[in-house]
Amino acid sequence: MNILVTGGAGYIGSHTCIALLKAGHDVIIADNLSNSKRDTIKKIESISKKEVIFYEVDVSCEKSVNNIFSKHIIQGVIHFASFKAIGESVQNPLEYYYNNVVSTMVLIKACENFGVGKFVFSSSATVYGNNEVPFVESMNLLPTTNPYGETKVMSERILIDVANSNPYLSVSILRYFNPVGAHESGLIGESPNGVPNNLMPYITQVAKGKLKKLSVFGDDYSTIDGTGVRDYIHVLDLADGHVAALENLIEGVHIYNLGTGKGTSVLELIKAFEEVNLVEVPYQICGRRPGDIDSCFADVSKVARELGWRAKRDLLSMCRDAWEFEKNNQEICLNVSEE
Ligand code: NAD
Ligand code: UDP
């Protein structure tokens, strides 16, 4: 299939492009490089030994999107492009609602207008809010406490309504848990701008000496050791999940959790990282981060049953691959004051 991948130069998008190319699909990337670099396109090509078509465009711009759809016969869209920093979304809600929700509307409208029947959407476990774990796709969604999360809830709602009104359009909504790790080549991975918000890139930067110490946000949650529990999933497994979702997409709307089904605490992750990589990760226990929940992990039975997909890589390979990428990532040290 000819697949349009929006946000294909980003962290999850780039790994998914490689998985798609490996599975024999052709890839067109649309990315405005607002949170990624142009050389990722070359890296995708060099890893997969195949060419991709790249458009540097904003996918909330209808004219630019229609231009791509009119130039290529597209069979499916995977829509990754979005802003994703929770704190920033609280500061600039309008920017987030515009970028994330309008892009979804523009793309699904183009699918309707150009007769493209398959649409896969990047959603997030954040839509479950503070439900009981494990999170099951059929649960009622709870408030997400931030505009970023609301853009995912709204986009899901829009896609469900559009797909229900159009029998020719099939939509797969993928709710990711915590993607970590990197491609085994060490060429592509997660390289956030500035100081990382997420745990794994923070750990790798502390291990490398770019940052002094990790702050563990709270040790008084009702979890195994008091620190927050999350369902970490290797980005390569996540990428394969997209290929499975696309290739098995049948009529209607389908919602799937993409996680491992296993919860890991912050302290367990630090320990696993130190043991497999033989490095130290100095940390201190701090207060809770506002908006965080105790535990977040997936029920993965639906995706296994319906798509035959399950995550294969364990926590140690996630830690090893994240560290390999960090070591290869030759960017200048950030020199950030942490206090
Ligand atoms: P990322 O920032 O690395 O990738 C997103 C890409 O989209 C970037 O390359 C950026 O330049 C591009 N982009 C943003 N807005 C655009 C626009 N209007 N037009 C064109 N390109 C645009 O993020 P990621 O971690 O790869 O996340 C991909 C998707 O997965 C996002 O939708 C995100 O919300 C979702 N998600 C991510 C996580 C996570 O922890 N990384 C968890 C759950 C869901
Ligand atoms: N966390 C932490 N220190 C950090 C970043 C995150 O202790 O510098 C904790 C956070 O409180 C949560 C877990 O690590 O319990 C995962 O956080 P992340 O931001 O990576 O993912 P999310 O909270 O979005 O699931």
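The values are calculated or read from the model by the stated rules, or taken from the named source; none is laboratory data. Here the structure is a predicted model, which means the values were calculated and not measured. Here the Cβ positions follow ideal geometry from the backbone for every residue, glycine too, while neighbour counts run over all protein chains shown.
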If you go through the range 20-32, how many residues are part of a helix (DSSP H, G or I) and buried (at least 24 other Cβ atoms within 10 Å of the Cβ)?
-> 1
Qualifying positions in the range 280-314 - hydrophobic (A, V, I, L, M, F, W, C), buried (at least 16 other Cβ atoms within 10 Å of the Cβ) and either near ligand 2 (Cβ under 9 Å from one of its atoms) or farther than 21 Å from residue 85 by Cα (or both) | 281, 293, 296, 298, 300, 303, 307, 309, 311
Among (1) over 26 Å from residue 127 (Cα atoms); (2) within 12 Å of ligand 2 (Cβ to nearest atom); (3) assigned to a loop (DSSP other than H, G, I, E, B), which single condition is residue 188 missing?
-> (2)
For the range 23-46, which residues satisfy the criterion of being within 19 Å of residue 241 (Cβ to Cβ) and more than 16 Å from ligand 1 (Cβ to nearest atom)?
-> 23, 24, 25
Report, ordered by the first and then the second residue, all pairs with beta carbons closer than 6 Å, sequence separation of six or more or different chains, a first member in the range 214-237 that is in a strand (DSSP E or B), and a second member that is near ligand 2 (Cβ under 7 Å from one of its atoms).
-> 214/202; 216/227; 216/266; 217/289; 230/178; 230/296; 232/178
Of the candidates 272, 244, the one satisfying the condition of being within 18 Å of residue 182 (Cα to Cα) and buried (at least 18 other Cβ atoms within 10 Å of the Cβ) is 272
Identify, from the list 309, 323, the residue that is closer than 30 Å to residue 162 by Cα and of a type in the set (Phe, Trp, Tyr).
-> 309
Go through (1) farther than 23 Å from residue 300 by Cα; (2) without any contact (Cβ under 8 Å) to a residue 24 or more places away in the chain; (3) of a type outside the set (Phe, Trp, Tyr) one by one and return the number of the condition residue 147 breaks.
-> (2)
When both residues are 6+ apart or on different chains and their Cβ atoms are under 8 Å apart, which pairs have a first residue that lies in the range 253-272 and is within 10 Å of residue 229 (Cβ to Cβ), and a second that is of a type in the set (Lys, Arg)?
-> 263/230; 264/230
The residue from 56, 88 that alone is surrounded by fewer than 17 Cβ atoms within 10 Å (Cβ to Cβ) and modelled with pLDDT of 95 or more is 56
Could you tell me whether residue 228 is within 16 Å of ligand 1 (Cβ to nearest atom) and at pLDDT below 95?
-> no
Those residues of the range 222-236 which are more than 8 Å from ligand 2 (Cβ to nearest atom) and in contact with a strand residue (DSSP E or B) (Cβ under 9 Å, 6 or more places away or on another chain) amount to 222, 223, 224, 225, 226, 231, 232, 233, 234, 235
